[in-house]
Each structure stands twice: as structure tokens, then as C-alpha cells.
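Data first, discussion second: the structure below is written as C-alpha cells.
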Amino acid sequence: MTVIGGGYIGLELGMVYAKFGSKVTVVEALPSILASMDKDCVQVVARKLKKMGVEVLTDAKAKSWEDKGDRAVLTVEGKDGKAIQIDTDKILVSVGRRPNTEGLGLEDVGVKLDKRGYVIADEQCRTNVANIYAIGDVIGGMMLAHKATKEGEVVAEIIAGHRAAVDVRTIPAVVFTDPEIASAGLTEDEAKAKGHEIKVGKFPFAALGRAMSVNDTEGFAKVICDAKSEEILGVHIVGNGAGDLISEAALAIEMGAVVQDLNLTVHPHPTLSEAVREAAAAAIGEAVHIINR
Ligand SMILES: Cc1cc2nc3c(=O)[nH]c(=O)nc-3n(C[C@H](O)[C@H](O)[C@H](O)COP(=O)(O)OP(=O)(O)OC[C@H]3O[C@@H](n4cnc5c(N)ncnc54)[C@H](O)[C@@H]3O)c2cc1C
């Protein structure tokens, strides 16, 4: 099977089929898979893909395909501009999600769309037409279920006469690959681009009692904070349970927590959550179960 798109959907589904026994090739136009996620986390998943025999072609653009009956031949433009032909049973297209706003009659009532067809909505999910609200994928941004849910709740509050707005610092994201990647807040590059000088703490699952006891020590937690204020700017986790661990990070970011808030909070032992605390501690040179550098 050939998967077009090394984003989260392509990799989640590609890995599933690889585990079922399919020979999977992933074609990604950008220089990296999961381009918006923390680079170190992505490396862990990239290594796992390699170990599973999944071939990943980066800087590779899918151009066309030819129907060969029960097979297909996909033409891909590689790094050097050379055409690569991939003979494949199935092609899974996991790129190009776009808003499904055509034919809804939005133009008849005057609801404004942007150039790409997304409904334009403000932080209260109001469109330019009074009493028409829009939520979820159709207004763009992070196209995730919990973002849509949050927006739906805000609109329900407003319609019920309460004051509400989508006023959040982070929409956490989880990539359900094996291992999972979870992220809340800024990556190192994003934090630097916003003008922060940063400190980074990293704690490997290999030094975590719970990870050892379940024999799954692949991965780490990383905490990024502002170097001066030590406010937590981002948390990135790769490994078993990352998706469940990230909510603590989202809460910390939402509350404007500093690394000591995470570090001084007692975390139960032996749990994976200790990785988040130790990564926060590592950012200020106070980790207990690794050498602080
Ligand atoms: C393969 C895949 C995996 C994903 N995995 C995750 C994940 O793990 N976590 C996560 O948070 N998000 C995930 N997402 C994204 C998530 O599904 C979306 O962000 C979420 O569903 C958006 O909700 P929504 O209500 O905006 O749109 P939708 O869930 O798409 O709902 C829109 C509904 O409107 C209906 N509709 C469309 N046009 C009309 C019409 N004219 N009249 C009536 N009904 C209409 C559609 O049929 C649909 O049921 C995934 C998406 C895909 C494609």
C-alpha cells in the first residue's frame, strides 16, 4: 500500500496496515514526516517505521497514477526532480482535507468565506451574519475533534445568554502512532520564532520505573520554558501513554504555570506521569533520576 501524505492520518493508518502485514510506502512532499511536531519526537516514530519495514520517501511529491486493473502505478517526483514509479496494490490519499462548504447556500445568506472556502468566524465562532455561528473543521485552524467540541460548547453558552469565547492558550494534539506523540504549546522552533530565549528539559522513559516495569522504555518527555520567567511554553511527549499524559501539560500551559509548578507537584510513583515532572525539573537542572547537564 502506498500512503500519500506523512501527516498524522497517513502515518496512523499506514502503521495499522504495516502491522496487519502490508508492505507500506509513505510519500511525503515536505522534508520531514509530521512536519509540525517536535523533531526529536518525530525521530522516534521515524525509527519505529524503519524497524517495521515502512519505507518513507520525503521531499517526494505524488504527481499522477495509472490504473492497472487490480494495481496502480504511482508517479512520484523525488528530491532531485527525478520521477519514481511505485507499483502498488492500493493508494491511500491522506492529504488535501478541505472545507465542504459548497452547496450549503452560504452565499445566499451572505456568510463570508475565505479564499480556500473556510467560513470566517471570530473567537466567539460568530460569522459576519448575526445568529449564524460556525465551529469545527469548517472554520479551519487545528482540525481536531476536541477543538470542534470546545467551539460547540462556546456557541451553546453564547446562545444560552452566557459570556463565552474560545480563549485558549493551547489545543493539544496527539498522533496515535506506535509510539504515540503528544504535544501542547510551542515547539522549540516556534518558541524561538516568538522571541523567547528557552530552556529545555528532557527525561527519557528508559529512566522511568513504570516504563521499565511494562517493558516499554522507548520515548521521552520534553518541557520547554522561557529562560527568564521559566513559564512553560510547550510540552512534547513521545512514548507509551503520551496522549493521556499531555492533559497535565495543557493544564499547566493554560494556567500560566512555571516549571517549578510541575516540579514541586508531587507525582505518584510508579507512573508514567513522573516523566513530565522530571522533564520540568531537568529544564532547571533539578532532575532526580538522570544526570543534569
Ligand atoms: C482519518 C481521520 C482521523 C482523525 N483522527 C482524529 C483524532 O484522532 N483526534 C482528533 O481530535 N481528530 C481527528 N480527526 C479530525 C476530526 O475527525 C475532525 O476534526 C472533527 O471530526 C471535526 O468535527 P466537525 O464537527 O467540524 O466536522 P465533522 O466531524 O466532519 O462533521 C461534519 C458533519 O456534517 C455533515 N455534513 C456535511 N455537509 C452537510 C450538509 N450539507 N448537510 C448536512 N450535513 C452535512 C457531515 O456528513 C459530517 O457528519 C481525524 C480525521 C480524519 C479524517
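For the chain, what is the mean residue ellipticity at 222 nm derived from helices alone (per DSSP H run of n ≥ 4: -39500 (n - 2.57); sum divided by total residues; nearest 500 deg cm²/dmol)?
Working: 9 runs with 84 residues, N = 293.
Value at 222 nm, helices only: -8000 deg cm²/dmol.
Work out the length of the dipole vector of the chain about its Cα centre, built from +1 on the beta-carbon of each Lys and Arg and -1 on the beta-carbon of each Asp and Glu, and round it to the nearest 20 debye.
About 640 debye.
Anything over 19 Å Cα to Cα? Flag those among K147/K222; K115/K150; K51/K202; K19/K50; K19/K48; K199/K222, in the order listed. Could you put the intermediate results ahead of the total?
Numbers: K147/K222 23 Å; K115/K150 25 Å; K51/K202 24 Å; K19/K50 13 Å; K19/K48 12 Å; K199/K222 10 Å.
As for pairs spanning more than 19 Å Cα to Cα, those are K147/K222; K115/K150; K51/K202.
If we count other beta carbons within 10 Å of each Cβ, what is the order of I132, I86, fewest first?
On the way: I132 15, I86 18.
Ranking I132, I86 by Cβ neighbours within 10 Å, fewest first, gives I132, I86.
Would you list the membrane-span-like helices of the chain, meaning whole DSSP H runs whose alpha-carbon atoms span at least 15 Å along their axis and whose mean Kyte-Doolittle value is at least 0.5? Present the calculation step by step, with values, prior to reporting the outcome.
Details: long enough: 8-20 (18 Å, 0.92); 39-51 (18 Å, -0.49); 145-159 (21 Å, 0.01); 242-254 (18 Å, 0.93).
Those that clear 15 Å and a mean of 0.5 are 8-20, 242-254.
Cα atoms only, region 48-193: Rg and Dmax in Å?
20.8, 60
Quick one: Karplus J couplings for region 208-218, per residue in order, coefficients 6.51, -1.76, 1.60, θ = phi - 60°, nearest Hz, x for Gly and Pro?
10, x, 5, 5, 5, 5, 9, 6, 9, 9, 6
Among all the lysines, which ones have a C-alpha under 19 Å from K68's C-alpha, if same-chain residues fewer than 8 places away are not counted?
Those lysines meeting the cut-off are K23, K90.
Give the span of the chain's Cα atoms along each principal axis, as three whole-Å numbers ordered largest to smallest.
Principal extents (Cα only, largest first): 59, 55, 34 Å.
For the residues E102, E278, E218, what sequence is obtained by ranking on other C-beta atoms within 10 Å, fewest first? The partial results should precede the final answer.
Values: E102 11, E278 27, E218 17.
Least crowded to most crowded, the residues run E102, E218, E278.
Cut-off is 10 Å between beta-carbons; in what order do V266, V175, V93, V111 appear when sorted fewest neighbours first?
Final ranking by Cβ density, sparse to dense: V266, V93, V111, V175.
Read-outs: derived from the displayed coordinates by stated rules, not from any lab. Given the structure is predicted, the values throughout are model-derived calculations rather than measurements. Using ideal geometry, Cβ is built from the backbone for each residue, glycine included, and neighbour counts are taken over all protein chains shown.
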